[in-house]
Amino acid sequence: MQIIETNNYQIEFGPLAESGLNDLLKEYYSERIKLILVDENTHENCLFYLLESVSELHGAEIIQLPSGEENKTLEVSANVWEAFSEYLISRGDILINLGGGVISDIGGFIASCYKRGIDFVNIPTTLLAMVDASVGGKTGVNLGPYKNQVGSFAFPKGIYMDTVYLDTLPEIEIYNGYAEMLKHGLIADKELFDSILNAANSGELPDDEMIIESIKIKQQIVEEDPYEQGARKKLNFGHTIGHAIEGHFLHKMKISHGHAVALGMAMEAFLSFKEELLSKDDFEYVANSLLAIYELPVFSDDDIHEMIELLNNDKKNESGKIMCSLLDSLGSCAYNIEISEQKFLDTFMHFKNLNLSLN
């Protein structure tokens, strides 16, 4: 069992049966209602192992949500709050979020709002949730195509990560997680980026040490700036464009979060080069490496203009200005950089033409 200490909670990395979750529940919630939030995938593939490993959860109430980013909404949240009311949930009860990024995001949001906040823990079951969504205290739901437009900062009582769950994942989910791990390397540790890139190219699961190092990078940045007033904005690298791509294609070809972020990183590396922060060689290394793994979709002119419209309502904007986090070298990131619509248009057109030249 490996433990990552944080200012607000503890991250435990290892088998659930050996974790401190059972002791936490016994000490603080033995007479309380315990709820487990799942989607249909984690209900089928992950719930039994949790219940087998943590005896204090025997008899817990199970709430199942429909899976998929398109269900991370206020409407679904309201349905869960109604269920909480029916169960007579009080502020002393606890919610267990068992799932990937969607369950981590919406579960934390639901818990943070109900009766002004009930306790929750995260048990991430995907690589992306382990290295990103479950860590850092951000919760949220989408408004239409706008990602995480409504949310809160709320920290769990603990995070319990068991890599046995990674064996249940389809390949696309592994590459979702690899994208966020690659981001952590690009903004903080070039050697880690290279190592993760080699692992991703191999098509294998990352080893435990890579996962832990990726988590530590995010956690250290969060502890420096928990409410995203400054340095935490580095973690947004790839997400300004990535969220626009993901939101625009949500009800079309459904580009996954990690895939969209990887494309966003390639494009924001281009912006980094155009802003004279990153060398051409480094931009090409980043873009070529990412696009060799994550397919670049065909963008029509209409797609591009609609994605730029989404950028204008990005939650990271300030005073009507679109703000970006960009690389200033491999392993280092600058933030609060204003980028004009024209520069985004030029970026999308560059990659549209690149796609045409490749095909």
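The values are calculated or read from the model by the stated rules, or taken from the named source; none is laboratory data. Since we're looking at a predicted model, the values are computed, not measured. No Cβ is skipped: glycine too gets one built from the backbone with ideal geometry, and neighbour counts run over all protein chains shown. Areas reflect the complete protein model, heavy atoms only, side chains present, ligands, DNA and RNA absent. Shrake-Rupley method; radii C 1.70, N 1.55, O 1.52, S 1.80 Å.
For the chain, which semi-axes, largest first and in whole Å, follow from the square roots of 5 times the eigenvalues of its Cα gyration tensor?
Working: eigenvalues 240, 92, 67 Å².
Its equivalent ellipsoid spans semi-axes of 35, 21, 18 Å.
Need one number: nm distance between label points at Glu276 and Lys216, each 7 Å from Cα along Cα→Cβ, rounded to one decimal.
Placing both labels 7 Å along Cα→Cβ, they lie 3.7 nm apart.
Given the Cα-Cα distance of Trp81 and Glu191 and 0.36 nm per residue of separation, how much length would full extension add, in nm?
Result: 35.1 nm gained on full extension.
How many angstrom lie between the C-alpha centres of region 46-71 and region 237-292?
34
Check the straight Cα-Cα distances from Lys321 and name the lysines below 22 Å, setting aside those fewer than 8 residues away within the same chain.
Result set, ordered by chain and number: Lys147, Lys233, Lys234, Lys274, Lys343.
Where does each of 254-264, 13-23 land if you order them by average Cβ count within 10 Å, highest first? Write out the running numbers ahead of the final one.
Values: 254-264: 24.1, 13-23: 16.6.
Highest mean packing first, the order is 254-264, 13-23.
On full extension of the chain, what length is gained from Ala17 through Ser152, given 0.36 nm per residue of separation minus the C-alpha to C-alpha distance?
Full-extension gain reported as 45.5 nm.
For region 1-91, what does the relative contact order come out to in percent, with C-alpha contacts under 8 Å and a separation of six or more? Working shown, then result.
Numbers: 69 pairs, mean separation 21.9, N = 91.
Relative CO of region 1-91 lands at 24 percent.
Below 8 Å, C-alpha to C-alpha, sequence gap of six or more: please give me the relative contact order for region 205-359 in percent.
Worked out over region 205-359, it gives 23 percent.
Of the listed peptides 298-308, 117-127, what is their order by residue-averaged count of other C-beta atoms within 10 Å, with the highest listed first?
117-127, 298-308
Once neighbouring chains are kept in place and the probe is 1.4 Å, which whole percent of the accessible area of region 181-230 is contributed by carbon and sulfur? Kindly include the intermediate steps, with their values, before the conclusion.
Details: 890 of 2180 Å².
Carbon-and-sulfur percentage of accessible area, whole number: 41.
³J(HN,Hα) across region 284-298 via Karplus (A = 6.51, B = -1.76, C = 1.60, θ = phi - 60°), whole Hz, x for Gly/Pro?
5, 5, 5, 5, 5, 5, 6, 6, 6, 9, 10, 5, 8, x, 7
Over 24 Å between Cα atoms, which of Lys157/Lys216; Lys34/Lys254; Lys183/Lys216; Lys254/Lys315 qualify?
Working: Lys157/Lys216 18 Å; Lys34/Lys254 34 Å; Lys183/Lys216 13 Å; Lys254/Lys315 21 Å.
Result: Lys34/Lys254 exceed 24 Å.
Show that you can apply the helix-only estimate: for the chain, add -39,500 (n - 2.57) for every DSSP H stretch of four or more residues, divide by all residues, and state [θ] at 222 nm to the nearest 500.
Roughly -14500 deg cm²/dmol at 222 nm, from the helical runs in the chain.
Using a simple charge model, +1 on the beta-carbon of Lys and Arg, -1 on the beta-carbon of Asp and Glu, nothing else, what dipole does the chain show about its Cα centre, in debye to the nearest 20? All intermediate terms of the calculation are to be shown ahead of the outcome.
On the way: 26 positive and 57 negative charges, 185 e Å.
Dipole about the Cα centre, nearest 20: 880 debye.
With point charges of +1 on the Cβ of Lys and Arg and -1 on the Cβ of Asp and Glu, referenced to the Cα centre of the chain, which listed residue (Ile106, Met265, Met130) lies farthest in the positive direction of the dipole?
Ile106
Can you give the FRET efficiency to the nearest 0.05 for Glu31 and Tyr9, using r as the Cβ-Cβ distance and R₀ = 22 Å?
Efficiency, rounded to the nearest 0.05: 0.50.
Calculate, in nm to one decimal, what Asp167 and His350 gain on full extension: separation in residues at 0.36 nm each, minus their alpha carbon distance.
Length gained between Asp167 and His350: 62.1 nm.
For the chain, with the dipole built from +1 on Lys and Arg beta-carbon atoms and -1 on Asp and Glu ones, taken about the Cα centre, which of Leu250, Gln229, Gly331 lies farthest toward the positive end?
Most positive-ward Cα: Gln229.
Please give the per residue accessible area of the chain, computed with a probe of 1.4 Å over protein heavy atoms only, in Å².
41
Compute the relative contact order of the chain as a whole-number percentage, counting only Cα pairs closer than 8 Å that sit 6 or more residues apart in sequence.
Once normalised by length, the contact order is 14 percent.
Let me know the shape class of region 210-358, please: from the alpha-carbon gyration tensor, a ≥ b ≥ c as square roots of the eigenvalues, rounded when a/c is under 1.5, otherwise prolate if a/b is greater than b/c, or oblate. Before the final figure, lay out the partial values.
On the way: a/c = 1.45, a/b = 1.30, b/c = 1.11.
Rounded.
What FRET efficiency, computed as 1/(1 + (r/R0)^6) with R0 = 35 Å and r the Cβ-Cβ distance, is obtained for Glu204 and Thr73, rounded to the nearest 0.05?
E(calc), rounded to 0.05, equals 0.50.
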